[in-house]
Amino acid sequence: MLVLFETAAGYAIFKVLDEQKLQQVDSLWKEFETPEKANKVVKLKHFEKFQDTTEALAAATAMVEGKLGKSLKKVLKKVVAKEAHEQLAITDAKLGGVIKEKLNLSCVHSPAVAELMRGIRNQMEGLITGLPAREISAMSLGLAHSLSRYKLKFSPDKVDTMIVQAICLLDDLDKELNNYIMRCREWYGWHFPELGKIITDNLAYCKSVRKIGDRTNVASMDLSEILPEEIEAEVKLAAEISMGTEVSEEDIANIMHLCDQVIEISEYRTQLYDYLKNRMMAIAPNLTVMVGELVGARLISHAGSLLNLAKHPASTVQILGAEKALFRALKTRRDTPKYGLIYHASLVGQTTAKNKGKISRMLAAKTALAIRYDALGEDTNAEMGVENRAKLEARLRYLEEKGIRRISGSGKALARADKYQHKSDVKVYDPSGDSTLPTVSKKRKIEEVEEGEEEEKPVEAKAKKVKREAPTEGEAETEPPKKKKKKEKKKAEEESKPEEEETAVSPAEETTKKKKKEKKRAAEEEPKEEEEEAAVSPAEETTEKKKKKKKKVKEADD
């Protein structure tokens, strides 16, 4: 009987010297207590060593999956096929079926064979000659690591921990750069404040300060490598009329050292961004195509890893980064946020405010698929991401054009369905048709009445004999109630005045002195009465004149 034994260094084939000892399974371990006893049971016939770890991994992978590898097939044909009458003892029954099918060799798998393999493994260093123990242990460790990575579908290129660290460092660098640049602008602004308003770019500002130093050197400096010609001329002009204070050389040296730090950090940030971009395209190409490398890296960092991010549904990916706003909205029972970190993606940024919610929802759905494909798929291409992004861009164009068509009101606009209203065939009686009175507004009525009064006034002035006290029935009907009240008050005042005057006239027995006083009073009251008469209408004037004539006649008689 032959025994196939797999090691990390290669394949070993042993010849069983005493097959009767295999029948005693319980006491077989006693035969492998020492290397001398083990050599009496089995003897090494052939050993095929692996050339490198890659070959060892391929062979071990084939053994795990129950397949017949190339190296094993070569060994079996070379050694075992010559002794076809011998049985081959193997560890895996599935592998035995494959060997029997392809090479037509009889394979054995039993408890006795398993116990024999255990004994060979214990005394492997003594049975396999020419292979040091240190080399076997090193090869076993390397193969174990490689096999573990293969089982987990692990690749060193797929390490997303580097992405998490890189994006965190990038954010920290941005904060530090902003602080340094603000300090540099404020510090150098005491010496040359006009430069900060002329040069808006931070990196160009620091490079200019680094090259200029003291502002008196600007006239002789050539800044064409850093600034355009127009800005350079403006800087030189501003340096001549600058309002800044004078600073010492030591201050300028410290400012220049700070500028050096800003320039170095900016260069390192550019290098780090390129590194992050390459890592994202290697680890999550579809995610990078969908939302960009920065947003994708922040999503991975927020979730902890690419695999954790792949476990999230699309609705969670959509609001990832807006947890505080989400829980506040749930607590106060208000509208939940529509987007989180995904808001900074280019597709969401280029949409109108009205469609941002729709696009972020669709982008989150496609992004969730891309993340799962990157995390769990075997391919490393970005075809799916490119295809989904094209669909989203087409959908975005459709939404934008739809809004434009509605605003323009062209013929391509969608037909709007009117709200359904049930109209009954039964006719209902309309009582508004019963009234025969003309419906004229109250304001119009008052204007007509005033015009009628103005027409009647000259007629009344001509007819002096008609008394004002008894107006005609037609006039009374046409006058509004307010005017009637005013006229009645005037009449009451006019009637009271003649009564007072009559009581004031003395009888025939009074003396002449009293008559003179009465005449003076009458003379004084006449101008007052004339003023009152001017305010009264022409119809009232006639009645008052008649009364005055009567009074004069009475006074003459007395």
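With a Förster radius of 25 Å applied to the beta-carbon distance between Asn381 and Thr54, the computed FRET efficiency rounds to 0.55. Stretching the chain fully between Glu230 and Asp430 yields a gain of 63.8 nm (0.36 nm per residue, less the alpha carbon separation).
Once you sort the root eigenvalues of the Cα gyration tensor of segment 221-260 as a ≥ b ≥ c, which label holds: rounded (a/c under 1.5), prolate (a/b larger than b/c) or oblate (the other case)? List each step's numbers first, then the result.
On the way: a/c = 3.35, a/b = 1.39, b/c = 2.41.
Judged from the Cα gyration tensor, segment 221-260 comes out oblate (a/c at least 1.5, b/c at or above a/b).
My understanding is that a pair violates if its Cα-Cα distance is over 27 Å; which of Lys30/Lys77; Lys30/Lys67; Lys43/Lys77 do that in this structure? Beyond 27 Å: Lys30/Lys77; Lys30/Lys67.
Carbon and sulfur: what percent of segment 1-124's accessible surface (1.4 Å probe)?
Details: 3350 of 6760 Å².
So the carbon and sulfur contribution to the accessible surface is 50 percent.
Beta bridges from DSSP with both residues in segment 2-152: antiparallel share about 75 percent, rounded to the nearest 5.
For segment 129-138, 3J(HN,Hα) computed residue by residue from phi via the Karplus equation (6.51, -1.76, 1.60; θ = phi - 60°) reads 8, x, 10, x, 5, 5, 5, 5, 5, 5 Hz, glycine and proline entered as x.
Each of Arg121 and Ala365 was given a label point 7 Å from its Cα along the Cα-to-Cβ line. The distance between the two points is 5.2 nm. If the chain linking Lys15 and Met221 were pulled fully straight, counting 0.36 nm for each residue of separation and taking away their Cα-Cα distance, it would gain 65.2 nm.
Expected output is a single nm value to one decimal: the length gained when fully extending between Lys402 and Phe327, i.e. 0.36 nm times separation in residues minus the C-alpha distance. What is it?
So the extension gain works out to 23.6 nm.
Extents of segment 180-339, largest first, come to 63, 42, 31 Å (Cα atoms, principal axes, whole angstrom).
Summarising the label geometry, the points placed 7 Å from Cα in the beta-carbon direction at His344 and His46 lie 6.3 nm from one another. Pairs of lysine residues in segment 283-400 that meet both criteria, 8 or more places apart or on different chains and Cα atoms under 17 Å apart, total 11. Taking amide H as placed 1.01 Å from N in the peptide plane, the amide H of Gly321 sits under 5 Å from that of Leu341, each at least 5 places away or on another chain. Place a point 7 Å from Cα of Leu103 in the direction of its Cβ. Which residues in segment 1-20 have their backbone N less than 18 Å from it? Zone members listed by number: 1-16. For segment 161-273, the fraction of 1.4 Å probe accessible surface lying on carbon and sulfur atoms is 53 percent.
Rounded, prolate or oblate: which fits segment 283-400 when a ≥ b ≥ c are the square roots of the eigenvalues of the alpha-carbon gyration tensor, with rounded for a/c under 1.5 and prolate only if a/b beats b/c? Mind showing how you got there, number by number?
Values: a/c = 2.27, a/b = 1.22, b/c = 1.86.
Oblate shape, in that a/c is at least 1.5 and b/c is the bigger or equal ratio.
Put a dot 7 Å past the Cα of Asp260, heading toward its Cβ, do the same for Asn39, and the two dots end up 7.2 nm apart. Taking every C-alpha pair closer than 8 Å and separated by at least 6 residues, the mean separation divided by the residue count of segment 283-400 gives a relative contact order of 39 percent.
Let me know the shape class of segment 82-203, please: from the alpha-carbon gyration tensor, a ≥ b ≥ c as square roots of the eigenvalues, rounded when a/c is under 1.5, otherwise prolate if a/b is greater than b/c, or oblate. Because a/c hits 1.5 or more and a/b exceeds b/c, segment 82-203 counts as prolate. Protein heavy-atom surface of segment 283-400, 1.4 angstrom probe: 53% of the accessible area is carbon and sulfur, with nucleic acids and ligands not counted. Under 5 Å between amide hydrogens, built in the peptide plane, is the criterion, and for Val42 it picks out Leu17 among residues at least 5 positions away or on other chains.
Counting only heavy atoms of the protein chains, get the accessible area per residue of segment 354-402 (1.4 Å probe) and round it to a whole Å² value. It would help to have the intermediate numbers written out before the result.
Details: 2720 Å² over 49 residues.
Heavy-atom SASA per residue in segment 354-402 reads 55 Å².
Cβ-Cβ distance of Val25 and Ile136, R₀ of 22 Å, FRET efficiency by 1/(1 + (r/R0)^6): the value works out to about 0.20.
The values are calculated or read from the model by the stated rules, or taken from the named source; none is laboratory data. The model shown is predicted, which means the values in this text are computed figures rather than measured ones. Every residue, glycine as well, gets a Cβ built from its backbone with ideal geometry; the counts of neighbours run over all protein chains shown. For accessibility, only protein heavy atoms count, side chains too; no ligands or nucleic acids. Shrake-Rupley method; radii C 1.70, N 1.55, O 1.52, S 1.80 Å.
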